[in-house]
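Asker: Before we start, here is the structure in question, set down as structure tokens.
Just so it is clear, none of the values below were taken in a lab; they were calculated from the coordinates. The structure displayed is predicted, hence computed values, not measured ones. A quick note on method: Cβ atoms are made from the backbone with ideal geometry, for glycine too, and the neighbour counts reach across all protein chains shown.
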Amino acid sequence: MSNRIGAMVGYDTDVDILEKFRKNQELGINSCQICIWNVDIFKSDEHAEKIKAAIAETGINVSSLWAGWTGPCEWNFTAGPDTIGLVPVAYRFTRLGELKSASDFAEKIGVKQVVTHVGFIPENPSATEFNGTVAALRNLCGYMKKKGQYFLFETGQETPITLLRTIEAIGTGNLGVNLDTANPILYGKANPVDALDVFGKYVMDTHIKDGFYPTNGMYLGHEARAGDGKANIPEVVRKLIVEYGYEGPFTIEREISGEQQTADIIHAKKLLEDAMAKI
């Protein structure tokens, strides 16, 4: 059962990835997503070899590469639409190239799924930003398809139906969803249980996270320990497995640091184990 439970692992030039993997395994966690925001790493064979060596030594499963990009990025409702992901036209071309580099890096380390936030995808399918974003993603997905890879949308800034519409509009067949169980709540877009009715068949990886809805129009809701917020994680787990035949990992994400982060990851692992044991 614990082989289906993962945790996020951040990587940068000063990170000992082998130590990170071993710490996860000490917690009984044998899967992970690797999150990289430093785009220079994507062009480095040296860093790819370090990660491959750590995978070989520990046997840990790396389910997805979470790929960041350069330029401004504000996680709010005011500057967020103009700075996050591929939607803002000012940064789209540069970030498209960076995501292709992430695809190359994922291939080097033997990972088939690349995840990122696309941004505040417009509800209106006639909007210029919608069509431009679809064109960029179609180009990226065509590039990745030749490598046998899948591009995964990190849920959050878009409504579930907009996400489904975007997947259908791109139409390359190698698209999926990385369901962050908190983000639809934090952005005030949906609850994750009902969102599965819209895009459940596309879920290929997860971020197990919790939180609360926004209480004003400018800032996201706040994150919480798994089980303490509005996400109803046990029902998400049940619905994914029973109704959609999900066989992928449940990857814990807790966006704090230190001892409390470790304690909350252990708590989330127990929550997931209990939920799966009831199925």
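Asker: Take the residue pairs LYS209/LYS269; LYS209/LYS239; LYS50/LYS270; LYS20/LYS52 and return only those whose Cα atoms are more than 19 Å apart.
Answerer: Where the Cα-Cα span goes over 19 Å, the pairs concerned are LYS50/LYS270.
Asker: Take every Cα-Cα pair in segment 9-134 and report what % of them are more than 20 Å apart. Write down the numbers at each step before the final one.
Answerer: Working: 3785 of 7875 pairs.
Cα-Cα pairs of segment 9-134 separated by over 20 Å account for 48 percent.
Asker: While we're here: Looking at the chain as a GNM with Cα springs under 10 Å, which of SER44, SER101, SER126 has the largest mean-square fluctuation?
Answerer: Largest GNM mean-square fluctuation: SER126.
Asker: Sort CYS32, CYS73, CYS141 by Cβ crowding within 10 Å, fewest neighbours at the top. Walk me through the numbers on the way to the answer.
Answerer: Numbers: CYS32 25, CYS73 17, CYS141 21.
Ranking CYS32, CYS73, CYS141 by Cβ neighbours within 10 Å, fewest first, gives CYS73, CYS141, CYS32.
Asker: Further question on the same structure: Which residue fluctuates most in the GNM of the chain (Cα springs below 10 Å): LEU175, LEU86, LEU164?
Answerer: Highest fluctuation among the options: LEU164.
Asker: Continuing with this model, one more query. What does the charge count around LYS23 come to, taking other residues whose C-beta lies under 15 Å from its C-beta (Lys +1, Arg +1, Asp -1, Glu -1)? Please list the in-between numbers first.
Answerer: On the way: positive: LYS20, ARG22, ARG254, LYS269; negative: ASP16, GLU19, GLU26, GLU57, GLU259, ASP264.
Computed value for this residue: -2.
Asker: Next question, about the same structure. Where Lys and Arg each count +1 and Asp and Glu each count -1, what net charge lies around ASP45 among other residues with Cβ under 15 Å from its Cβ?
Answerer: That sum, taken over residues with Cβ under 15 Å, equals -1.
Asker: Test of understanding: what is the full-extension gain from LYS201 to ARG22, defined as 0.36 nm times their sequence separation minus their Cα-Cα distance?
Answerer: Working: separation 179, 0.36 × 179 = 64.44 nm, distance 3.26 nm.
Result: 61.2 nm gained on full extension.
Asker: Another one. Report the net charge of residues surrounding LYS147, where surrounding means a beta-carbon distance below 15 angstrom and charges are Lys +1, Arg +1, Asp -1, Glu -1.
Answerer: On the way: positive: LYS100, LYS108, LYS112, LYS145, LYS146; negative: ASP104, GLU107.
Net charge around LYS147: +3.
Asker: While we're looking at this one, here's another question. Per DSSP H run of n ≥ 4, the term is -39500 (n - 2.57); total these for the chain, divide by its residue number, and report the mean residue ellipticity at 222 nm rounded to 500 deg cm²/dmol. Display every interim value, and only then the final one.
Answerer: On the way: 10 runs with 115 residues, N = 279.
Helices in the chain give a 222 nm mean residue ellipticity of -12500 deg cm²/dmol.
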